[in-house]
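*Asks:* Submitted below is the structure of interest, expressed as structure tokens.
Laboratory data are not the source of any read-out in this text; all were calculated from the coordinates shown. In this text the structure is predicted, and so the values were computed from the model without any measurement. Neighbour counts run over all protein chains shown; Cβ positions are idealised from the backbone, glycine included.
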Amino acid sequence: MFRDDFVWGVASSAYQIEGNDPEDGAGKMIWDTFTEEGGILDHTDAYVACDHMHRYQDDFKMMRLLGVKAYRFSISWARILPEGTGRVNEKGVALYRDMILEMKKNGITPYLTLYHWELPQALQDKGGWLNEEIIGWFGEYAKVVAENFSDLCTHFFTLNEPQCFVGLANLQGIHAPGKKLPVKDTFQIAHNALRAHGQAVINLRKYAKQPIRIGYAPTCGMAYPASGDPADVEAARKVLFSFYNPMENWTWNVAWFSDPVFLGHYPEEGLIKFREYLPKITKEDMELIAQPLDFMGQNIYNGYMVRAGADGEPEFVDRPAGYPKTAAGWPVTPECLCWGVKFLYERYKMPIYITENGMSCHDIVSRDGRVHDPNRITFLDKYLSALQCAVDDGADVRGYFEWTFLDNFEWNKGYTERFGLVYVDFQTQKRIAKDSAYWYQRVMETNGEVLSVNQKERPILFLNPVFKQMIWGGERLGTDWHYQIPGEGTGECWAVSAHPNGDCTVKEGIYEGKTLSQLWKEEPELFGNTGLDRFPLLTKIIDAKTDLSIQVHPDDAYAGAHENGSLGKTECWYILDCEEDSTLVIGHNAKDKEELTAMIKEGRWGEFIRELPVKKGDFIQIDPGTVHAIKGGIMLLETQQNSDITYRVYDYDRLTDGKPRQLHVDQSIDVITVPAKPAAACVKEAADLPKEEKNLLISCPYYKVWKIDVAKQISFPQEHPFLIMSVTAGEGLINGQMIQKGDHFILPCGYGEVELQGEMELIAASI
């Protein structure tokens with residue numbers, strides 16, 4: 001679990017949300033120039049963006065209402081120092097001081113980032129990050145920030161994602177200032193940036209008005225192992241900190257941008273590989289870069305899978321066809337937030353804040369005026385659950401900042417992507433909290449307890465049936481129900497059973513291969529923590545090609561005393577199919593125990609038994625002590641107590657292997673109810689019950705059974721400790737999953753709303 005003081009927040013950057021004001025005294029930034037030169041995908045600009053500089057009071061109120069307690073934001077260098085150095089713009093200082101005060105007024109702790117790519121154009125005109133003077137420029141900027149804001153803020157980050165403003169901006173040219181410099185120049189820029197970071201740390205601490213804490217926030221795609229095999233884990237670790245990228249993409253490296261900051265040296269492998277491109281690196285440089293920090297920030301969005309190859313070297317594993325990805329086209333790889341964080345903590349031994357993580361979606365306003373973004377909720381749940389796994393494995397993670405609060409200007413992509421928890425109509429500036437915002441509110445309120453990693457999964461438990469061959473069995477379980485039966489004479493399909501004589505296994509999912517009895521013991525919460533010593537019910541389909549024996553079942557008391565603690569056997573039948581003029585044996589004609597004994601001992605079966613006509617769709621309750629027999633030509637679904645105790649009274653003198661089957665005459669006489677219950681009272685017509693309803697067929701001390709006929713659609717909550725369901729005809733969907741005749745499954749406790757669609761018939765049961 002996350003620590004009690006875990007920081008939950010959101011993140012943004014100045015340029016992406018603030019907008020401009022011609023009267024605010026801010027200087028021009030490189031992104032202003034880049035937009036003017038047509039570098040944006042949709043040919044837009046950020047002169048208004050979210051108009052946050054005029055709407056921040058309402059925005060921070062909205063943050064408070066949505067439960068946000070921490071906010072990582074950047075300030076614009078050019079808004080504070082219009083020329084990058086020298087003259088301080090007091091209007092800019094006043095604006096940010098008021099913003100921070102407003103945050104604090106709303107109970108929001110500020111985390112201030114000095115540089116989120118907002119370089120003053122005046123400094124770019126002097127060479128920007130390629131000019132070594134930028135170390136002093138950035139140091140001066142840090143001094144101004146400390147002097148003006150350290151009385152209000154205690155947490156600072158220096159640089160955000162240097163990999164991006166080195167690589168995307170100066171190597172690939174797709175971010176401002178849009179340069180495609182020689183590789184050698186980009187190494188100089190990177191070295192300058194890291195030295196500037198060190199100078200900023202010195203000046204922040206020197207000029208701070210109170211004790212402060214400082215970090216640094218790089219990024220990278222995170223390598224994660226294809227499996228938990230130690231060889232795969234080591235392969236992923238090696239790739240993450242090694243140098244596999246081609247030179248045109250060299251900046252996407254963890255070690256080059258983090259080892260100097262946290263370990264005090266560039267990685268040896270990189271010094272060798274990059275030696276022809278490297279600037280002069282001095283001892284003094286490294287001492288400057290490696291200023292003591294209080295924490296590490298890391299922006300993580302996705303990663304790549306690695307395994308150990310046959311030669312022991314790492315191999316990159318291709319993503320499968322149709323892999324999930326965000327609206328930005330980025331792969332969805334929550335594993336990166338577990339393994340990446342663990343690898344980082346192993347190497348750098350620094351407390352970690354996830355300073356950015358989030359998802360771009362194709363968000364739209366629905367007819368109800370809401371923005372429903374289930375994909376973002378699923379994404380965040382998976383990533384945060386993975387982050388908790390890293391925490392549970394020992395990584396010191398102090399906080400998480402979701403990217404981002406408001407839909408914004410997404411750099412060179414303009415307004416084509418939406419990352420926000422809050423929808424922004426850029427024409428009207430109206431804000432609408434998305435479903436994900438309310439979900440994240442609950443995450444923050446509970447310190448992550450509502451994450452799926454902290455909840456038992458409630459999947460549908462589809463089961464593999466167990467089949468029994470019987471002397472009276474047929475072939476219809478194969479021909480009509482398309483089961484893979486063991487052969488002729490298959491009389492019983494134990495569809496839902498945890499009995500030792502036939503224990504079903506889970507067909508798929510996280511519990512695949514586990515027996516139902518095993519699951520009952522190991523995961524009792526799936527079944528409502530009933531406290532019972534065994535799964536209480538058993539569901540069968542019976543195919544009677546010929547007559548079953550005339551039999552009776554004991555109750556709990558008798559079975560417990562005489563059958564080694566077994567349950568008794570109360571059961572009920574739903575007639576799936578039968579021949580015309582079919583009958584069942586239900587009850588007997590003896591008036592008292594003496595007459596009953598005589599009829600049985602003397603074999604007066606025609607006089608003894610009672611037969612009752614039945615048809616397809618009838619439902620019959622068989623209580624313990626009821627003499628009964630299923631006749632040939634009948635197929636039925638049986639719901640019963642979890643018991644396999646049957647006392648045969650008569651078996652038509654049939655032989656098995658040349659011998660009659662065992663009878664249980666004395667036990668039968670002991671348990672048969674005398675006089676018998678009227679046969680008609682046992683039978684209920686269930687063929688033409690109302691559709692789209694849960695029709696209750698029986699409620700007794702041992703089970704409840706319902707019939708559900710779906711003609712189009714029905715929904716209802718799963719409110720029982722568990723719900724057994726058997727599809728007896730047709731096909732359809734259950735919560736989006738295909739089901740058809742012959743499927744049997746259990747909906748666990750807490751499953752939630754059940755949605756059935758299609759044309760099908762189901763029998764459901766619970767205790």
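*Asks:* At a Förster distance of 56 Å, what's the computed FRET efficiency of LYS677 paired with HIS372, Cβ-Cβ distance as r, to 0.05? Walk me through the numbers on the way to the answer.
*Replies:* Values: r = 55 Å, r/R0 = 0.98.
Efficiency at R0 = 56 Å is approximately 0.55.
*Asks:* Over the chain, what is the relative contact order in whole percent, taking alpha-carbon pairs under 8 Å and six or more residues apart? Let's see the in-between values first.
*Replies:* Details: 1739 pairs, mean separation 71.9, N = 767.
Over the chain, the number comes to 9 percent.
*Asks:* Taking θ as phi - 60°, what are the ³J(HN,Hα) couplings along region 674-683 by the Karplus curve (6.51, -1.76, 1.60), each to the nearest whole Hz, with x for Gly and Pro?
*Replies:* Result, rounded to whole Hz: 10, x, 6, 5, x, 4, 4, 6, 8, 10.
*Asks:* Let me ask you something else. What is the sum of charges, Lys and Arg at +1 and Asp and Glu at -1, for the other residues whose Cβ falls under 11 Å from the Cβ of LEU567? Could the numbers behind the result be given before it?
*Replies:* Details: positive: ARG534, LYS569; negative: ASP533, ASP555, ASP556, GLU563, ASP644.
Once all neighbours under 11 Å are counted, the net charge is -3.
*Asks:* Next question, about the same structure. Using the 10 angstrom Cβ neighbour count as an exposure proxy, how do ARG476, ARG661, ARG367 rank, fewest first? Present the calculation step by step, with values, prior to reporting the outcome.
*Replies:* Numbers: ARG476 19, ARG661 14, ARG367 5.
In order of increasing Cβ crowding within 10 Å: ARG367, ARG661, ARG476.
*Asks:* Can you give the % of DSSP beta bridges in the chain that are antiparallel, to the nearest 5? Could you put the intermediate results ahead of the total?
*Replies:* Values: 99 of 134 bridges.
The antiparallel fraction comes to roughly 75 percent.
*Asks:* By average Cβ neighbour count within 10 Å, what is the ranking of 669-680, 157-168 from highest down?
*Replies:* Values: 669-680: 16.3, 157-168: 24.1.
Averaged packing, sorted descending, gives the order 157-168, 669-680.
*Asks:* When only alpha-carbon atoms are used, what values of Rg and Dmax, in angstrom, describe region 132-223?
*Replies:* 14.6, 43
*Asks:* What nm value, rounded to one decimal, do you get for the distance between ASP5 and GLN740 when each label is placed 7 Å out toward the C-beta?
*Replies:* Reported label-point gap for ASP5 and GLN740 is 6.0 nm.
*Asks:* Residue by residue through region 90-103, which ³J(HN,Hα) values in whole Hz follow from phi under the Karplus form 6.51 cos²θ - 1.76 cosθ + 1.60 (θ = phi - 60°), with glycine and proline marked x?
*Replies:* Result, rounded to whole Hz: 5, 4, x, 4, 5, 4, 5, 4, 5, 4, 5, 4, 5, 3.
*Asks:* Taking loop as defined by DSSP and a crowding limit of 12 other beta carbons within 10 Å, which trypsin sites (Lys or Arg not before Pro) in region 691-753 fit?
*Replies:* Working: sites: LYS691, LYS694, LYS704, LYS707, LYS712, LYS741; in loops: LYS691, LYS712, LYS741.
In loop regions of region 691-753 (DSSP not H, G, I, E or B), the sparsely surrounded trypsin sites (Lys or Arg not before Pro) are LYS712.
*Asks:* Note the per residue figure in Å³ for the convex hull of the C-alpha positions in region 433-586. Provide the component values of the computation, followed by the final result.
*Replies:* Values: hull volume 29.6 nm³, N = 154.
Output value, Cα hull per residue: 192 Å³.
*Asks:* Please compute one quarter of the surface area of the Cα convex hull for region 694-766 and express it in square nanometres. List each step's numbers first, then the result.
*Replies:* Numbers: hull surface 17.1 nm².
The number I arrive at for region 694-766 is 4.3 nm².
*Asks:* Mind ordering 518-531, 404-417 by average Cβ neighbours within 10 Å, highest first?
*Replies:* Details: 518-531: 15.1, 404-417: 21.9.
Put in order of decreasing packing, that is 404-417, 518-531.
*Asks:* If you take the charge dipole of the chain about its Cα centre, with +1 on Lys and Arg Cβ and -1 on Asp and Glu Cβ, which of GLN429, VAL261, ALA122 is farthest toward its positive end?
*Replies:* The residue sitting most towards the positive pole is ALA122.
*Asks:* Please work out the ratio of the alpha-carbon Rg of the chain to 2.2 N^0.38 Å and round it to two decimals. Can you show the working numbers first?
*Replies:* Working: Rg = 36.0 Å, N = 767, 2.2 N^0.38 = 27.5 Å.
Against the empirical 2.2 N^0.38 Å value, I get 1.31 for the chain.
*Asks:* Averaged over every viewing direction, what's the projected area of the C-alpha convex hull for region 7-454? Give it in nm², one decimal, please.
*Replies:* On the way: hull surface 82.9 nm².
Quarter of the Cα hull surface area: 20.7 nm².
*Asks:* Also: List, in the order given, every pair from LYS179/LYS209; LYS180/LYS342; LYS521/LYS677; LYS593/LYS707; LYS179/LYS273 whose Cα-Cα distance in the structure shown is over 30 Å.
*Replies:* In this structure, LYS179/LYS209; LYS180/LYS342; LYS521/LYS677; LYS593/LYS707 exceed 30 Å between Cα atoms.
*Asks:* Apply the Karplus parameterisation 6.51 cos²θ - 1.76 cosθ + 1.60, with θ equal to phi minus 60°, to every residue of region 748-758 and state each ³J(HN,Hα) to the nearest whole Hz, in sequence, with x for glycine and proline.
*Replies:* Values, residue by residue: x, 4, x, 4, x, 6, 9, 10, 10, 9, x Hz.
*Asks:* Once you order the gyration tensor axes a ≥ b ≥ c over the Cα atoms, which shape class does region 204-300 get: rounded for a/c under 1.5, otherwise prolate or oblate by comparing a/b with b/c?
*Replies:* Values: a/c = 2.50, a/b = 1.40, b/c = 1.79.
The shape class here is oblate.
*Asks:* Add +1 for every Lys or Arg and -1 for every Asp or Glu among the other residues with Cβ under 14 Å from the Cβ of VAL317, and state the total. Can you show the working numbers first?
*Replies:* Working: positive: ARG307, ARG319; negative: ASP229, ASP232, GLU313, GLU315, ASP318, GLU335.
Cβ neighbours under 14 Å give a net charge of -4.
*Asks:* Please list, in order, the residues from region 285-306 whose amide nitrogen is less than 16 Å from a point placed 7 Å along the Cα→Cβ vector of ALA231.
*Replies:* 306
*Asks:* Name the residue farthest towards the positive end of the dipole of the chain from the options TYR440, PHE401, SER582, assuming +1 on Cβ of Lys and Arg, -1 on Cβ of Asp and Glu, about the Cα centre.
*Replies:* About the Cα centre, the residue reaching furthest to the positive side is PHE401.
*Asks:* Taking N as the number of residues in region 1-157, what is its alpha-carbon radius of gyration divided by 2.2 N^0.38 Å?
*Replies:* Working: Rg = 16.1 Å, N = 157, 2.2 N^0.38 = 15.0 Å.
Relative to the 2.2 N^0.38 Å estimate, region 1-157 comes out at 1.07.
*Asks:* Going through the cross-link list LYS382/LYS434; LYS540/LYS741; LYS184/LYS206; LYS468/LYS684; LYS104/LYS413, which pairs have a Cα-Cα distance over 23 Å in this structure? Write down the numbers at each step before the final one.
*Replies:* Values: LYS382/LYS434 18 Å; LYS540/LYS741 14 Å; LYS184/LYS206 33 Å; LYS468/LYS684 28 Å; LYS104/LYS413 32 Å.
With Cα atoms farther than 23 Å apart: LYS184/LYS206; LYS468/LYS684; LYS104/LYS413.
*Asks:* Another question, if that's okay. Any idea what % of Cα-Cα pairs in region 465-685 are farther than 28 Å? The partial results should precede the final answer.
*Replies:* Values: 7742 of 24310 pairs.
Everything past 28 Å amounts to 32 percent.
*Asks:* While we're here: Tell me, in nm to one decimal, what length is gained between ARG458 and TRP605 on full extension, where the rule is 0.36 nm per residue of separation less the Cα-Cα distance? Mind showing how you got there, number by number?
*Replies:* Details: separation 147, 0.36 × 147 = 52.92 nm, distance 5.06 nm.
Using 0.36 nm per residue and subtracting the Cα-Cα distance, I get 47.9 nm.
*Asks:* Here is a follow-up. Do any trypsin sites (Lys or Arg not before Pro) in region 68-177 lie in a loop, going by DSSP, with at most 12 other beta-carbon atoms within 10 Å of their beta carbon, and if so which? Intermediate results must be reported in sequence, preceding the final value.
*Replies:* Working: sites: LYS69, ARG72, ARG79, ARG87, LYS91, ARG97, LYS104, LYS105, LYS126, LYS143; in loops: LYS69, ARG87, LYS126.
Loop-located and lightly packed - ARG87.
*Asks:* Right, next: Please give the net charge around PHE462, taking every other residue with its beta carbon less than 15 angstrom from that of PHE462, where Lys and Arg add +1 and Asp and Glu add -1. The partial results should precede the final answer.
*Replies:* On the way: positive: ARG458, LYS507, LYS514, LYS741; negative: GLU457, GLU508, GLU512, GLU731, ASP743.
Neighbourhood net charge equals -1.
*Asks:* Let me ask something else about it. Could you please tell me the mean projected area of the C-alpha convex hull for region 291-404, averaged over all directions and given in square nanometres to one decimal?
*Replies:* Working: hull surface 39.2 nm².
Hull-based average projected area comes out at 9.8 nm².
*Asks:* Please report how far the C-alpha centroid of region 299-319 lies from that of region 460-522, rounded to the nearest whole angstrom.
*Replies:* If you average the Cα positions of each part, the centres end up 40 Å apart.
*Asks:* Find the centroid of the Cα atoms in region 214-287 and in region 1-67, then give the distance between the two in whole Å.
*Replies:* That distance is 31 Å.
*Asks:* If I model a spin label at LEU532 and ASP318 as a point 7 Å from the Cα along the Cα→Cβ vector, what separation in nanometres do I get?
*Replies:* In this crude spin-label approximation the distance works out to 5.0 nm.
*Asks:* Out of residues 5 or more away from ASP151 or on other chains, whose amide H comes under 5 Å of its own, with H placed 1.01 Å from N in the peptide plane?
*Replies:* For ASP151, the qualifying residues are LYS209.
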